[in-house]
Amino acid sequence: MKHCPHPGCSWQAIAPTADAALTQYAEHLVEEHSRTVDVDIPDGMVQIKLQEGGEWITTTFEEARKLHDTGHDE
Ligand SMILES: [Zn+2]
């Protein structure tokens, strides 16, 4: 089961496959752990944190998902 690593966040994926779970997780990151700031973020880009205390990453939704994929090989 895919859990969100952010402290205090109880989100977990409810999906039939690991791939679907990752898609849900990417959506969750964008919805709950992204931000809009008054710097130039092009349309279609999001800023996410993969972990609390980590760096904000400006990326696309698709890249966000890939980043997460590559960070968790097990
Ligand atoms: Zn979360």
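The values are calculated or read from the model by the stated rules, or taken from the named source; none is laboratory data. Please read all numbers here as calculations on a predicted model, not as lab measurements. Cβ sites come from the backbone with ideal geometry, for glycine too, and all protein chains shown count toward neighbours. Side chains are part of the model used for accessible areas, which takes the heavy atoms of the whole protein and leaves out ligands, DNA and RNA. Shrake-Rupley method; radii C 1.70, N 1.55, O 1.52, S 1.80 Å.
Considering only region 11-25, I want to know if a residue exists there that is open to solvent by less than 40 Å² (accessible area, probe 1.4 Å), at pLDDT below 80, within 11 Å of the ligand (Cβ to nearest atom) and within 13 Å of the chain's Cα centre (by Cα). The answer is no; no qualifying residue exists. Being modelled with pLDDT under 75 and either open to solvent by less than 60 Å² (accessible area, probe 1.4 Å) or more than 15 Å from the ligand (Cβ to nearest atom) (or both): is that true of residue 70 here? Considered against the rule, which asks whether it is modelled with pLDDT under 75 and either open to solvent by less than 60 Å² (accessible area, probe 1.4 Å) or more than 15 Å from the ligand (Cβ to nearest atom) (or both), residue 70 comes out as yes.
Of the set (1) at pLDDT 75 or above; (2) away from the ligand (no atom under 13 Å from the Cβ), all apply to residue 6 but (2).
Looking at region 1-32 only, could you name the residues that are free of Cβ contacts under 8 Å to residues at least 24 places away in the same chain and among the aliphatic types (A, V, I, L, M)? Passing the criteria: 1, 13, 14, 15, 18, 20, 21.
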